Each structure stands twice: as C-alpha cells, then as structure tokens.
1. Inside the range 63-85, can you point out the residues that are without any contact (Cβ under 8 Å) to a residue 40 or more places away in the chain and surrounded by fewer than 17 Cβ atoms within 10 Å (Cβ to Cβ)?
2. Any chance the range 276-286 includes a residue that's under 19 Å from VAL211 (Cα atoms) and in a loop (DSSP other than H, G, I, E, B)?
3. On the phi < 0 side of the Ramachandran plot, acidic (Asp, Glu) and touching a helix residue (DSSP H, G or I) at 6+ places or on another chain (Cβ under 8 Å): is that true of ASP169 in this structure?
4. Taking the range 320-340 only, how many residues are on the phi > 0 side of the Ramachandran plot and crowded, with 16+ Cβ neighbours inside 10 Å?
5. Somewhere in the range 223-237, is a residue closer than 25 Å to GLU82 by Cβ, part of a loop (DSSP other than H, G, I, E, B) and in contact (Cβ under 8 Å) with a residue 60 or more places away in the chain?
6. So the check is Cβ under 8 Å with 6+ separation or different chains; which pairs have a first residue in the range 297-310 that's within 15 Å of LEU243 (Cα to Cα) and surrounded by 15 or more Cβ atoms within 10 Å (Cβ to Cβ) and a second one that's modelled with pLDDT under 95 and not charged (D, E, K, R)?
7. Residue check: is ASN122 crowded, with 23+ Cβ neighbours inside 10 Å and over 11 Å from the mean Cα position of the chain (by Cα)?
Amino acid sequence: MKNWSGNVTFAANRLVEPRTVADIKAAVIAGKSVRALGSAHSFNQIAASDDVMISFEHFPRDIAIDQVSKQVRTAAGVRYGELAIALHAAGLALPNMGSLPHITVVGATSTGTHGSGITNQNLSAAILSIELITANGDELTITGDELDKARVALGALGIIHHVTLQAVDTFDVSQTIYLDLPFESLLLDFDAVMGSGYSVSAFLVWDEKVVDQIWVKSRVDRDTLPGSDLFGAQRASVKFHPLEVGSTDSATEQLGSIGPWHERLPHFKLDFTPSFGDELQSEYFVARKDAAAALRAVYALRAQIQPLLLVTELRTIAADENWLSEAYRRESLAIHFTWKPDLDGVTTFLPTLEAALARFSARPHWGKLFTASSFNFAALYPRFQEWLDFRAGIDPDRKFINEQLASWGI
C-alpha cells in the first residue's frame, strides 16, 4: 500500500480491515505494534506500522445527528465531504472545512489539519468526545478537560473508532477570486487581507512580487461581499485552479456564486481528484504577528524554492487549547508548500527552509514532510512533556508508537 501521493510505501506485516469494534479490539490485542490508516493523505510515515495496520475502508460509515444539540457522532473512515452532505441535509454545518473534502474526519483531526479564517480554529476544535480502543483492548471515551490532550494525538493513544463533533446551523458561502495582489500589500495589510472573508487563502509561486490568487470565501449571512478590488488585486472574471496546470473542473464554484458551506469552503469537489495528485507537501505554522517577517524570510529563498514548487498557500488559524495543535495558544499563519514529486530535492532543501523559519518558532504540520532534527518539540509545545506522560499512562508499552513518532521524541 502507498499513501495518497505515492511517496510512502506501507510495509505492515498484516492489514486488518475491521467491520466491527470487536474486530478492532482483536487486532489491537494480537498486534505488537498497531497503527491506523485514514485517507492516506499524510506525506510522512506517521501511519506506518511494522506489524499491524488498521484500515477503515470497510468499517460502517455510520453518522448519527442530534438536531437538538447540534451534535454529530461519526465513525472512523467517514470523509469530511460525506459528513458534510449528511449535516447539510439536516440543516447543520461544520464551523469550517479543510481544502480537501476527501480526507477522513479522524485522520485529519488527529494531525491538526485545518482550513482558514482569522476566527476559525483547526478542525479538531469541534471534537466533543473521542472513542478509542486502548492497547489491552479496552474501550475508552475521552471527554471534557481531557480532550485538550487528546484531540490532536497523532494516533498515539489508541485506535479511534468514533468521534462526536459540535455542529452549527447551516450557512451559505460566496467564493470570489482576486488576482495579482502586490506582495507588499499583503505584508502591510496582512490581517485585513486575510480577514476579508470568513475563510481566505492566498496562493503564490514567488516568481514576481505578487500574490497570484486570493480566494475569499464569504458567509453571506455575516460578511460584506467583496467588490471588484481587494487591496490592489482585481476580481477574476473566469474560474481558477490554485495550480496553473490544474483543471478548474475540480475546483469548487467561484465568481461570487452563492452555495452551501460544504460546496464552497473546500477548494476542491469531493468527486474529483483533489489538488494535483502527483505532489509532495510541507507546511509550517508561525505566529500571525510574525507573518510579514516570516514571509520575507521565505521570499529570500525563492531561487531555491521555485524549481521544486508547484504552489504555496497561505492560511490563518485561530488559537486553541489542544496541547499538540500546531496553533496551540497562538494565532497562526500556515505557510503550505505543494512541491513537485522530487523527493530527494525537497528533502535536501527543507533544512534550509526550516532554518530560515526557526527564529519564528515554526511548528511543522504533523502529517507533512519535514526534517525531524530541525525541531525541538519540547520547546515548541509548552505541554509536550505533560502530553508524553499522559500518553504513557494510556499506552505504557508503546504499542501505538512507530519509528516516525519516535523520531519526534514521542
């Protein structure tokens, strides 16, 4: 088995595809080392196991919605796009979505995956409870104050089979694209540009002093819909894909048309290949207050970046209290790199990029490519040692720890 982009090959001794919680228990008890596989959208070895790998491909896709409490309990293996359709039909919505509706809810939240928006926290913030199987086959439900330790836990506590999320009333979104924003305008008015809609993404390739595209997703019940000009960028009159080589058929509707939240907040449609496919990805989170300085530091490396790059995306994430969240207690800018499938070239360059971002205490996305030796996670995450103690209390024999997690000091 390979991951989504094909850069990681999984070589577990046994692949288990459970159909019941009892099947999960049996696999966990029998395995020496056990990891769960979501949509395989990670770009490193976070999901790898040298013994048992659990895939939820055939696990029941149950979704139970409580319209009174506006809560939804959903199974591992359910993709965000599938959950969104069910919620919208019930008159509900998620507060935000990532750029891809294809990723699983459990896999995405476990690694701190996010959408964008000055006031929007990462996707894991919506979790109200987590149901998992521990190393000895026991069932454990995590709720309340313990959730801060468990929402982003990298699969290191056990095998999650269900989560419950807080939903909100459904809402409509209008998506408008703006072209050729002067780079200096972004740096001078960063919060205003990135706060010009409910969810805003900026795309650039660092080849000129412009931000190529600004995707503004506006809530029609709250936001002032944008006009023809955005800080010097001009409104697009045709549909765009984030990548110059990408087909606009796969992109969600634009040109100011109004539609349901789940058909505008992601960049791509559920029934199309997401993004580009043949690519690698890295992402780094810095404090939003450091956005201008961090982006200037990246811009200084553009001659090295450009030959490897497909596109860079900039997004903002509100701070949260989840101990291993990349936005833990920090209003954040995420600098995302979609690379060409040149694994040697990208991994050779990453230490240079990471060194340039080190003075901003950059935190890498747990599910993307980065150089483990570039980061001191105990310094980057104030509760890291406490989280290690919490994890050890649940899995003292390290059944759910693989080589990738161990390389991060877990």
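The values are calculated or read from the model by the stated rules, or taken from the named source; none is laboratory data. Being a predicted model, the structure only gives us computed values, none of them experimental. Note that we place each Cβ from the backbone using ideal geometry, even for glycine, and neighbour counts take in every protein chain shown.
1. Within the range 63-85, ALA64, ASP66, GLN67, VAL68, SER69 qualify.
2. No, that holds for no residue.
3. Numbers: on the phi < 0 side of the Ramachandran plot: yes; acidic (Asp, Glu): yes; touching a helix residue (DSSP H, G or I) at 6+ places or on another chain (Cβ under 8 Å): no.
Judged against the criteria, ASP169 is not a match.
4. Of the range 320-340, the ones on the phi > 0 side of the Ramachandran plot are 329.
The next check asks that each one be crowded, with 16+ Cβ neighbours inside 10 Å; those that pass are none.
Residues meeting the conditions: 0.
5. Within the range 223-237, the subset closer than 25 Å to GLU82 by Cβ is none.
Checked against the condition, which is being closer than 25 Å to GLU82 by Cβ, part of a loop (DSSP other than H, G, I, E, B) and in contact (Cβ under 8 Å) with a residue 60 or more places away in the chain, the range 223-237 yields no hits at all.
6. Close Cβ pairs (under 8 Å, with a partner that is modelled with pLDDT under 95 and not charged (D, E, K, R)) amount to LEU310/LEU243; LEU310/VAL245; LEU310/PHE276.
7. On the way: crowded, with 23+ Cβ neighbours inside 10 Å: yes; over 11 Å from the mean Cα position of the chain (by Cα): no.
Against the criterion (crowded, with 23+ Cβ neighbours inside 10 Å and over 11 Å from the mean Cα position of the chain (by Cα)), ASN122 does not qualify.
To keep it simple, each residue is scored yes or no on (1) buried (at least 23 other Cβ atoms within 10 Å of the Cβ); (2) more than 16 Å from the chain's Cα centre (by Cα); (3) over 28 Å from ALA40 (Cβ atoms).
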position: LEU243; (1), (2), (3): no, yes, no
position: SER247; (1), (2), (3): no, yes, no
position: SER257; (1), (2), (3): no, yes, yes
position: LYS269; (1), (2), (3): no, yes, no
position: ALA293; (1), (2), (3): no, yes, yes
position: ARG315; (1), (2), (3): yes, no, no
position: ASP342; (1), (2), (3): no, yes, no
